[in-house]
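Every read-out reported here was derived from the displayed coordinates using simple, explicitly stated rules and does not represent laboratory data. Small disclaimer: the values here were computed from a predicted structure and weren't measured. Reconstructed Cβ throughout: ideal geometry from the backbone, glycine too, with neighbour counts over all protein chains shown.
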Amino acid sequence: MAIYMLIIAGISYYARRSSSSSAGFTGGGKAFPAAMIGFLLMSEFIGTSATIGTAQSAYEFGISAAWNVIALALGFLLFSLLLAKKFRQLGKNTISEALAACYGDRTRIAVSLIMISALLIVAVAIYAAGGAVLHELLDIDRGLATVVVGVLGTLYVMIGGMRSVVYSNVLHAIMKIGTVGLLAYVGVHRSGGFSGMQAALPADAFSVSGVGWGQVFAWLIAGVGAIFATQYVIQAVVTVPDPAKAQVAGIWAAAMLIPFGILAAIVGMASSILYPDIESIDALPVLAVDMNPFATGLVMCGLVGAILGSIAALILGSATLMLRDFYQPYFNQGGDDRRNVVFLRTATMVAGVAPIALALFASDVLSVTFLAKALRASLAVLVVLMFFKPSFGSRTGAFVSILITVPMTIGWFLAGDPFMDNSYIAILTPILVMTLAHLVSRNPADKAADVFGHPAEPEVAASRTT
């Protein structure tokens, strides 16, 4: 484990020179191959919250928990086919800048706030899951383990910026797939093979709809929507040399996610047989420590890689949004890049440390992560309209849809998701608001811009007329 951490530290130290400018810190300072970005995208979405959370859900419901990750694979396939080229052609480094090109500056600020909040919510879940991992593997206090995860993840990004994130995530992705594969093999073998698992588990544990089709479709909506409108996905896609390779990067990510989801679910199912009396969140960590010490060390490397890989993307994405949408426009209008770099490192520290306190109280990591996906899915509606039907709705409709969707989605989640999952609320609310805006809006200045055509009217004109 120490050797693995030294390798990661070496990568960050090697990449530190690329982070001496704000463009290098947020973009890596160069174009990266499509396969490397594919590893990055896969690794970003498969953190400890997805790894531990999928095993946790499989411990309770069976193989159908794999849909949580398979939904991400389907999301990347659709993203590659529909949006990857368009985002690369647009060339915007943040999701807020992309949507602002269509819907104006008010929407840019609202999108930035919701995206930062969603990313930090995911960070809470990853810290909580990472704390659970280190608690089991190192036999230390869970709170202390959570703090260690947060501090290590933050330092990792502050040193090397985007380039260190890309390089190290290739290693993280390989280690994560190998780790889950090893755990699945050990779990199945100790359970008496697949025939032994079938004899020990109820039949519905092997049903593809064991968690319920409503939950499966909710995962699909949240997963696809999150990929369509997540800051670090767009930030990564823009770093590839051309639009065609941006498409290939998404396909690479999808190809690695499907087997990962199935293997993680098998781990949870095997743990439910071998350790029937543990808490479900410990399904994967308990199996990891119940092996040969060398094998446990390899698993620990993969799980810590999962922690650092996802945390790096979340922190970097949040810091980039803070820089582009708040610091540069209001506090550094002169464009002093040295000040930008200082702010990026400060914002990285804040974004990395702030979620630690909430992570100490998080337990159901999959639900917390799922809420963050639902919040991002609400923005996916605007992304799809921006590229394929910019004339539908209006600038005001886009802005109002965000203001309404966020509290409704969070409120629905806190109320226990009555009648339907919160992801349906996150998708349906902006669709209804934009439809209403399309029907009632008669102001030409309030129309959205065609991002690949003629520019829209100035935002000030739209605001004054409204």
> Against the longest alpha carbon principal axis of the chain, how many degrees, from 0 to 90 and to the nearest 10, is the axis of helix 67-82 turned?
Replying inline: 40
> On the first, second and third principal axes, largest extent first, how far apart are the outermost C-alpha atoms of the chain in Å?
Replying inline: 69, 51, 40
> Among 397-404, 270-277, 254-261, what's the highest-first ranking by average C-beta atoms within 10 angstrom per residue?
Replying inline: 397-404, 254-261, 270-277
>> With only alpha-carbon atoms in the gyration tensor, what are the semi-axes of the equivalent ellipsoid for segment 1-159, in Å, largest first?
In response: 29, 23, 17
>> Order these by the 10 Å Cβ neighbour count, fewest first: Asp325, Asp139.
In response: Asp139, Asp325
> Want the number for Ile278 to Phe206: 0.36 nm per residue separation, take away the alpha-carbon distance, what's left?
Replying inline: 23.8 nm
> Given C-alpha coordinates of segment 284-335, what is the ratio Rg to Rh with the Kirkwood estimate of Rh?
Replying inline: 1.40
>> Between Val286 and Ser391, what is the label-point separation in nm under the 7 Å Cα-to-beta-carbon projection?
In response: 6.0
> If the chain between Met420 and Asp450 were fully stretched, how many nm would it gain, using 0.36 nm times the residue separation less the Cα-Cα distance?
Replying inline: 7.4 nm
> When the Karplus curve 6.51 cos²θ - 1.76 cosθ + 1.60 is applied with θ = phi - 60°, which whole-Hz ³J(HN,Hα) does each residue of segment 168-174 get, with x for Gly and Pro?
Replying inline: 6, 6, 4, 5, 4, 4, 4
>> Test of understanding: ordering Phe388, Phe326, Phe61 by Cβ neighbours within 10 Å, fewest first, what list do you get?
In response: Phe388, Phe326, Phe61
>> As an exercise, use a Förster radius of 25 Å and the Cβ-Cβ distance of Leu82 and Val350 to find the FRET efficiency, rounded to the nearest 0.05.
In response: 0.15
> Highest mean first, what order results for 413-424, 215-226 on Cβ atoms within 10 Å?
Replying inline: 215-226, 413-424
> What order do you get for His189, His172, His438 when you list them from fewest to most C-beta neighbours inside 10 Å?
Replying inline: His189, His438, His172
> Roughly what would the spin-label model give for Ile431 and Tyr185, points 7 Å off Cα along C-beta, in nm?
Replying inline: 4.4
> Given Cα pairs under 8 Å that are at least 6 residues apart, what percent is the relative contact order of segment 130-257?
Replying inline: 8
>> Just to confirm the number: angle between the C-alpha axis of helix 365-388 and the first principal axis of the chain, 0 to 90 degrees, nearest 10?
In response: 30
> Which angle between 0 and 90 degrees, to the nearest 10, do you get for helix 213-228 versus the longest principal axis of the chain when only C-alpha atoms count?
Replying inline: 50
> For segment 46-109 and segment 422-440, what is the separation of their Cα centres, given in Å?
Replying inline: 20
> Under a 5 Å amide H to amide H cut-off, with H placed in plane at 1.01 Å, what residues pair with Val240 once short-range neighbours are removed?
Replying inline: Phe32
>> Nothing charged except the Cβ atoms of Lys and Arg (+1) and of Asp and Glu (-1): what's the magnitude of the dipole of segment 2-366 about its Cα centre? Round to the nearest 20 debye.
In response: 1460
>> Show me the ranking of peptides 87-93, 290-296 by mean Cβ neighbours inside 10 Å, starting with the highest.
In response: 87-93, 290-296
>> Helix-only estimate, please: 222 nm mean residue ellipticity of the chain, summing -39500 (n - 2.57) across DSSP H runs of length 4 or more and dividing by its residues, to the nearest 500.
In response: -25500 deg cm²/dmol
